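Worksheet: the structure to be examined is printed underneath.
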Amino acid sequence: MKRSQSRELAFVLLFEKTFSDCTLDEIIDNANMARNIEADKFALSLARGVDKHIDEIDSLISEYSHKWSKGRISKVALSVMRLSVCEMKYVDDVPISVSINEAVELAKKYGGDEDPAFVNGVLGGIARFLEG
């Protein structure tokens with residue numbers, strides 16, 4: 001599985017988590033049983049990384065999504081940004097620019113018309129903070 005496919009699968013799992021009280025592992029198990037989706041190591045590490053660091057990740061997103069409360073951000077954009085922030089902070093072998101580009105592509109594919117630009121702007125601010 002290509003890394004972009006792994007990111008997309010991690011995004012789907014995280015997006016589903018925004019609608020469910022199930023644990024991430026339950027969502028992963030259900031996806032495997034119901035839809036025969038088997039996540040690879042990279043997808044699982046990203047999804048679990050977000051789950052483990054969600055408070056810190058959401059804090060960064062809130063700080064850089066000026067005047068947008070977490071409740072106002074679309075679930076697609078929020079899930080995509082969570083995934084990307086996790087990758088930027090905790091995955092050393094992926095350049096930040098690649099993580100942002102992949103997030104914008106996911107936002108284009110799954111989000112509304114304004115999501116890609118919003119995701120790009122917020123993640124750009126977070127990237128400058130992390131690199132500085």
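The values are calculated or read from the model by the stated rules, or taken from the named source; none is laboratory data. Since we're looking at a predicted model, the values are computed, not measured. Note that each Cβ is placed from the backbone with ideal geometry, even for glycine, and that neighbours are counted across all protein chains shown.
Tabulated data
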| read-out | value |
| --- | --- |
| Set SER79, SER74, SER97: member being hydroxyl-bearing (Ser, Thr, Tyr) and loosely packed, with under 15 Cβ neighbours inside 10 Å | SER97 |
| Criterion violated by GLY121 - all others in (1) in contact with a helix residue (DSSP H, G or I) (Cβ under 6 Å, 6 or more places away or on another chain); (2) modelled with pLDDT of 95 or more satisfied | (1) |
| Test set (1) touching a helix residue (DSSP H, G or I) at 6+ places or on another chain (Cβ under 7 Å); (2) at pLDDT below 90; (3) of a type in the set (A, V, I, L, M) - LEU13 fails condition number | (2) |
| Positions within the stretch 1-44 being crowded, with 18+ Cβ neighbours inside 10 Å and under 18 Å from VAL98 (Cβ atoms), in sequence order | SER6, ARG7, GLU8, LEU9, ALA10, PHE11, PHE42, ALA43 |
| Test: residue in the stretch 53-70 that is surrounded by 19 or more Cβ atoms within 10 Å (Cβ to Cβ), out of contact with any Ser or Thr (no Cβ under 6 Å at 6 or more places or on another chain) and within 19 Å of MET1 (Cα to Cα) | no |
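Conditions (1) in contact with a helix residue (DSSP H, G or I) (Cβ under 7 Å, 6 or more places away or on another chain); (2) over 18 Å from LEU130 (Cβ atoms); (3) not in a helix (DSSP H, G or I), marked per residue:
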position: LEU9; (1), (2), (3): yes, yes, no
position: PHE42; (1), (2), (3): yes, yes, no
position: ILE57; (1), (2), (3): yes, no, no
position: TRP68; (1), (2), (3): no, yes, yes
position: GLY71; (1), (2), (3): no, yes, no
position: ARG82; (1), (2), (3): yes, no, no
